[in-house]
Amino acid sequence: MRRPIGIRYFEITANPVYREWQKEILKIIYNDYNLLKLYGKEYPIINFNAERSISRIEEITTCYDLSERRDMYDIDKTICHNFREIVGPHIKNGKEMQFMLNKIKLSPFGTVDWLSAKLGPYEQTVFTSDILEYELYKYYRKTRGTIVTKNREEILEELPLRNEIHSDHSQYDIVTTGVGRNGALSIQIFYSFINRQNNDYVSPFSIIPETYATRQGRVQMIPEGAFSLHNDKPLDYKKTITNYNLKRVCYRKILEDLYGHPIINADNTLMIAPRDNVIIDNIANCLDNENGYFALLGVAVDLVTLRATLCFYLRIDDENFPYKDIMVTDEKTQLVTLEELPNFIANKNITNETAATFAFLLSDEAFTYSLKRSEVNRKIEK
């Protein structure tokens with residue numbers, strides 16, 4: 001009996017053999033860039049560090065610029081219908097408005113010093129960005145996973161959706177703008193706090209469940225997710241710009257992913273704002289009293305889907321912080337100590353975005369500080 005196409009798709013795209021083949025294809029297409037290297041592995045993602053002058057989250061009120069562009073692409077193609085058979089059951093609200101990548105402006109040193117977004121519905125992300133992996137999957141099956149000897153242009157001809165995005169655009173334009181697709185900006189936070197039981201910083205990770213439309217079974221840092229508008233009137237500029245705020249979206253992700261707090265009303269509007277919740281108030285008080293650290297580390301662009309992720313580091317140094325309130329509710333979620341973290345990252349089947357965030361951390365002075373503090377605490381404990 002033939003297995004459902006969705007099961008085949010998720011099994012094959014999770015297979016290490018496929019992922020190695022995929023990396024080789026993307027190396028050829030994006031030969032102006034080097035893939036991210038971490039603990040002897042390569043990940044098809046590109047990191048752009050945040051300019052230090054804009055990295056401190058306390059100094060950022062909005063996400064710099066909101067474009068009035070409303071790009072809508074044809075998602076009624078045959079390949080879209082085929083992909084819908086796979087991911088359709090996992091799409092909860094295709095009309096939900098999200099902030100999409102418009103442009104990343106880089107400084108002369110290659111760091112992010114400005115970011116622009118545009119609005120679009122979630123289904124546009126699925127069928128103009130996420131679908132690019134499905135197109136790679138179809139090419140993999142066509143070639144039976146053999147090593148491709150074609151050049152860049154010949155490979156792109158085999159990938160019509162990606163080729164259309166690349167049309168008349170440089171590789172730089174492709175990775176630093178949202179040209180040719182609607183890819184929702186994602187948020188990922190390395191959230192670290194002190195566990196008094198072992199006197200070490202701990203951070204939550206989870207396995208992506210089968211209810212997700214992409215990356216099922218892979219390990220990721222949490223909180224994470226799309227940068228959604230949560231506004232019943234998306235053309236209401238005042239409401240839109242209020243929600244286009246990095247601190248707000250990070251706090252919402254923390255409440256939603258870690259504490260199970262509902263953050264939206266039935267009409268998809270925000271139920272709470274920052275500091276309207278005791279958990280967020282505790283975090284904010286720690287930051288206000290310089291008993292923690294919160295920063296934008298950088299922007300990572302996944303070459304598989306051409307989606308950008310904003311990567312953050314939130315550390316709470318208050319030993320009395322109520323960490324036990326965090327919802328570690330099943331075997332798919334766990335808290336990892338700093339001592340365990342390098343080995344965990346090196347040996348787990350992590351997402352590209354998680355690899356990117358950890359790579360950012362390794363070059364961050366505040367993270368280095370937490371590593372040293374963790375080592376001192378463990379020595380005292382012994």
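A short reminder: the numbers here are calculations on the coordinates, not readings from a lab. As the structure is a prediction and not an experimental result, all values here were calculated from the model. Note: ideal-geometry Cβ built from the backbone for every residue, glycine included; neighbour counts use all protein chains shown.
By average Cβ neighbour count within 10 Å, what is the ranking of 176-184, 138-146, 14-22, 79-87 from highest down? It would help to have the intermediate numbers written out before the result.
On the way: 176-184: 23.6, 138-146: 13.3, 14-22: 14.9, 79-87: 16.8.
With the highest mean Cβ count within 10 Å placed first, the list reads 176-184, 79-87, 14-22, 138-146.
Among 295-301, 305-311, 115-121, how do they line up from the highest to the lowest mean number of other beta-carbon atoms within 10 Å? Mind dumping the intermediate values first?
Numbers: 295-301: 24.6, 305-311: 26.9, 115-121: 21.9.
Top of the packing list down: 305-311, 295-301, 115-121.
Taking the Cα centre of region 98-211 as the origin, how large is its charge dipole in debye, to the nearest 20, when only Lys and Arg (+1) and Asp and Glu (-1) carry charge on their Cβ atoms? Present the calculation step by step, with values, prior to reporting the outcome.
Numbers: 12 positive and 14 negative charges, 30 e Å.
With Lys and Arg at +1 and Asp and Glu at -1, about 140 debye.
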